[in-house]
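Asks: First the structure, which I've put down as structure tokens, then a few questions once you've had a look.
Computed from the coordinates by the stated procedures, all read-outs in this text should not be read as laboratory data. Keep in mind it's a predicted model, so treat the numbers as computed, not measured. Using ideal geometry, Cβ is built from the backbone for each residue, glycine included, and neighbour counts are taken over all protein chains shown.
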Amino acid sequence: MQFIIYGEYVNVIVKADATDVVLDDTILDQLYEIGKIEFNSANKKSLTELNIPDIYTYTDGKKYRIIGIAEYALYECDLIASLTIPDTVTFIEKYAFDKCYSIPDLVIPDSVITIGDWCFANCTSMESAIIGNGVKNNWNRRI
């Protein structure tokens, strides 16, 4: 299966048991509803820790796999001090974590191929970043 992301073709391995989704406010609300995270889109700015699950089962009984992080998904969530990105994520869109001032360390898994412009802009507490080998675009322009 192929997805078109910003005009480029990206190959994604798809297992028949889960539907691929991109982390955005709708998915945040679903994860909150089923107890996987302790915040929803309305109160996400109070978030201090985020462990993004790779796969989750929603109340409809279907499984969903998080393959990307949407543009502005966690914009101005300035209290996040701990962030875990699963290896199912293949792209992070622009400004996804802009103004998340409290993220001290960042680990981007090898599965991530594309990082959008300024996705970690204004993350002023960041002291270290480990970037996976999968990233194909110019990381230096992305902070």
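Asks: Find how much the distance from Ser125 to Glu76 grows on full extension, using 0.36 nm per residue of separation minus their present alpha carbon separation; answer in nm with one decimal.
Replies: On the way: separation 49, 0.36 × 49 = 17.64 nm, distance 1.36 nm.
So the chain would gain 16.3 nm between Ser125 and Glu76.
Asks: When Lys and Arg each count +1 and Asp and Glu each count -1, what net charge do the other residues less than 12 Å away from Ala70, Cβ to Cβ, add up to?
Replies: Values: positive: Lys94; negative: Asp24, Asp25, Glu71, Glu93.
Result for the local shell: -3.
Asks: Between rounded, prolate and oblate, where does the range 30-143 land on the alpha carbon gyration tensor, with a ≥ b ≥ c its root eigenvalues, rounded for a/c under 1.5, else prolate if a/b exceeds b/c?
Replies: Working: a/c = 2.00, a/b = 1.29, b/c = 1.55.
Taking the square roots of the gyration eigenvalues as a ≥ b ≥ c, the range 30-143 is oblate.
Asks: Shifting gears a bit: Could you check what % of the DSSP bridge pairs in the range 2-141 are antiparallel, to the nearest 5? Don't jump to the answer; show the numbers that get you there.
Replies: Values: 7 of 23 bridges.
Of the beta bridges lying entirely in the range 2-141, close to 30 percent run antiparallel.
Asks: Need one number: nm distance between label points at Trp118 and Thr57, each 7 Å from Cα along Cα→Cβ, rounded to one decimal.
Replies: According to this spin-label approximation, the distance is 4.2 nm.
Asks: Please give the FRET efficiency for Tyr101 paired with Asp17, using the beta carbon to beta carbon distance and R0 = 30 Å, rounded to the nearest 0.05. Working shown, then result.
Replies: Values: r = 38 Å, r/R0 = 1.27.
So the FRET efficiency works out to roughly 0.20.
Asks: Taking R0 as 22 Å, what FRET efficiency do you get between Asp25 and Thr48 from their Cβ-Cβ distance, rounded to the nearest 0.05? Kindly include the intermediate steps, with their values, before the conclusion.
Replies: Details: r = 19 Å, r/R0 = 0.84.
Result of the calculation: an efficiency of 0.75.
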